[in-house]
Amino acid sequence: MITDWHFYALAIPAVILLGLAKGGFAGMGALSLPLLAFAMDPVRAAAITLPVLIFQDVVGVWAFRRTVDWRLLGWMLPGAIVGIALGYGFAARLSPHAVMAAVGAISVLFGAYRLNAARHPNPRNAARWPEWLGSLFGIASGFTSQIAHAGQPPFQVWVLRRNLPREMLVGTTAIFFAAVNWIKVPAYIALGQFTAANLLVSATLLPVALISTVAGVALVRRVSPERFFTAIYVLMIVVGVALVWEAIA
């Protein structure tokens, strides 16, 4: 069990961001792992937050289980499995500093992508693109999800361009990442990160996760998420650069 208050000073805000993301402020949760990487090995940080993500997925899966594009998932999920396997190999063979640098780089790319997407909110229709391309985006999403719980950008690059109805988009996203999070479990077991100590920390953070998820659902209906997104994504870029610098140093 971790007792260092420095860890919880970062872990609690990180889990709050995860909860707000699951509650409707999509994208904010990608800052969580980069924050925790300042306090510990990023692989261990990812293992601690994974049960929290799985716990939070339950609400979304139950609410939107009837509005899912299963054909799209049929192309993306096999690719995601390959990407997760690649991410596992990356984390298993390289040093924690290399993983930290990767988390930082993914954070910078995620923040830059979302800032650019905010400036160009209407992506071109990709309905004519061959469906097998979805598997390649699935690989990219699985890899970044395994390394940094940041599978949203590759997923969104493909799925948002399919112009799905809103309910179908939300349901497909919920099912995809719920499946990806469960698929990641064997990889983290193989990495030796699902220890009793790590799982106890995850359990300690679950009440924060539940409260923040409910708060996200309530706030997203009253507050414009755009007011927060720019600051969050700029902070992601700053944190990502700092992680890369620390890893190199």
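The values are calculated or read from the model by the stated rules, or taken from the named source; none is laboratory data. A quick note: this is a predicted structure, and the numbers were derived from the prediction, not measured. We place every Cβ from the backbone using ideal geometry, glycine too, and count neighbours over all the protein chains shown.
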Unique match (being surrounded by fewer than 21 Cβ atoms within 10 Å (Cβ to Cβ), modelled with pLDDT under 90 and assigned to a helix (DSSP H, G or I)) among Val82, Val59: Val59
For Glu131: the one exception among (1) outside any helix (DSSP H, G or I); (2) within 20 Å of the chain's Cα centre (by Cα): (2)
Selection count, region 188-197, where residues are assigned to a helix (DSSP H, G or I) and either surrounded by fewer than 21 Cβ atoms within 10 Å (Cβ to Cβ) or at positive phi (or both): 4
Any chance Leu235 is assigned to a loop (DSSP other than H, G, I, E, B) and either in contact with a Cys (Cβ under 9 Å, 6 or more places away or on another chain) or in contact (Cβ under 8 Å) with a residue 24 or more places away in the chain (or both): no
